[in-house]
1. Conditions: (1) away from the ligand (no atom under 15 Å from the Cβ); (2) in a helix (DSSP H, G or I); (3) in contact (Cβ under 8 Å) with a residue 24 or more places away in the chain. Residue 198 meets all but one. Number of the miss?
2. Out of all the residues in segment 222-229, is one or more at pLDDT 95 or above, within 18 Å of the chain's Cα centre (by Cα), in a strand (DSSP E or B) and within 16 Å of the ligand (Cβ to nearest atom)?
3. Out of (1) in contact with a strand residue (DSSP E or B) (Cβ under 7 Å, 6 or more places away or on another chain); (2) not in a helix (DSSP H, G or I), the odd one out for residue 111 is which?
4. All but one of (1) at pLDDT below 95; (2) surrounded by fewer than 19 Cβ atoms within 10 Å (Cβ to Cβ); (3) farther than 23 Å from residue 14 by Cα hold for residue 102; which doesn't?
5. Out of 39, 18, 34, report the one residue that is free of Cβ contacts under 8 Å to residues at least 12 places away in the same chain, within 21 Å of residue 369 (Cβ to Cβ) and assigned to a helix (DSSP H, G or I).
6. Examine segment 292-299 for a residue that is surrounded by fewer than 16 Cβ atoms within 10 Å (Cβ to Cβ) and in contact with a strand residue (DSSP E or B) (Cβ under 7 Å, 6 or more places away or on another chain), and state whether such a residue exists.
7. Test residue 62 against the stated conditions and say whether it is within 13 Å of the ligand (Cβ to nearest atom) and either surrounded by fewer than 24 Cβ atoms within 10 Å (Cβ to Cβ) or free of Cβ contacts under 8 Å to residues at least 40 places away in the same chain (or both).
Ligand code: SAH
């Protein structure tokens, strides 16, 4: 039997619904998909457990899966991003919701297990959390046919599991489609991270030095947005190709040891640990802002920051703690070093999640009718193309079409 749902206050459903309806105005692709799903019911009777940020955008995905006939159980991806009114609205719509804003680690883990207690056929993950629980208690794996993974760090973990022969489930790397990398990772993380830093600290970006650690899809988006706001951007990297890309994009590339004294704002987006450490804190400017746009709260060594500080002024502003150094400098840590764009702002804009979740919903439809071997699977390119085409149509952007002669020319090797 599935465990009973857990939300903060079911009475908040109406408020939540208003916000979901508003977000949906920016989500035309998902709306079109939902129309088709309610006609064709491709998910009739399919039991799904999902782990996702409980936001209005996720609610739009949930409504789409329900329209397709699915039974849905939802656990929060991160207790800090859970919006209690949205959780209540989803519960009222018939989703088995297990999400309360701000619950501790044990409560969060319990919510993940509760979503899996429904014995799903498909799991949708946003950081390998559900897959992790499934593999830790193999009894639960029985009956699970496949999964989808929405975020870069989750896909990395899955590939490591597959390489070790530990992955016992087929999982589609939803994060890795070209549309996802471009729209969600670059534009979504780019905008929402800067948005979070500005909201939290009120910092003037123009004329400041923004240090971005990691020039992947997310980091390059953050760097582009920072420059667009008038910052001088310094990038730090460990991979030569990415460092070169940053140089050619016009950014200054330095080792972190040299960037540390220069930065007014530091954003780490590497997916690794110990990117900002005691050595760096020791030479940073007074008032330097530290934010993590990566997945886990280990990119900024918060423990070392705390140990090296003489005092911490908690909540000098909402989401900001000031760490006072022995020489009087104050370093401003945003969102306790956790995922800044979701903890201190609203995550990706709805228009971005429209793309992400359309890819996700079409992937679910594909998984529901396809038998795959355990391992990490690419999402079929046709799904990505369909989402791009639908989005362009919704935006009223028209394309040229190849003539038959052009098609022939492109597919022949003879001159
Ligand atoms: N478990 C992680 C979650 C990964 S965060 C954690 O510790 O918080 C990155 C993920 O958040 C991406 O997959 C992205 O698609 C998702 N995301 C970003 N904005 C969102 C939004 N508004 N609603 C739902 N999910 C969002």
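The values are calculated or read from the model by the stated rules, or taken from the named source; none is laboratory data. These numbers come from a predicted model, not from an experiment. When we count neighbours, we look across all protein chains shown, and the Cβ atoms used for this are built from the backbone with ideal geometry, even at glycine.
1. Only one criterion is unmet by residue 198, namely (3).
2. The answer is no, given that none of the residues of segment 222-229 is at pLDDT 95 or above, within 18 Å of the chain's Cα centre (by Cα), in a strand (DSSP E or B) and within 16 Å of the ligand (Cβ to nearest atom).
3. (2)
4. Every condition holds for residue 102 apart from (3).
5. Exactly one residue qualifies, and that residue is 39.
6. no
7. Taking the combined requirement at face value, the residue satisfies it.
Residues are listed down the side, and each one gets a yes or a no for (1) farther than 18 Å from residue 286 by Cα; (2) surrounded by fewer than 24 Cβ atoms within 10 Å (Cβ to Cβ); (3) within 10 Å of the ligand (Cβ to nearest atom):
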residue	(1), (2), (3)
321	no, yes, no
328	no, yes, no
339	yes, no, yes
346	yes, yes, yes
350	yes, yes, yes
356	yes, no, yes
363	yes, no, no
366	yes, yes, no
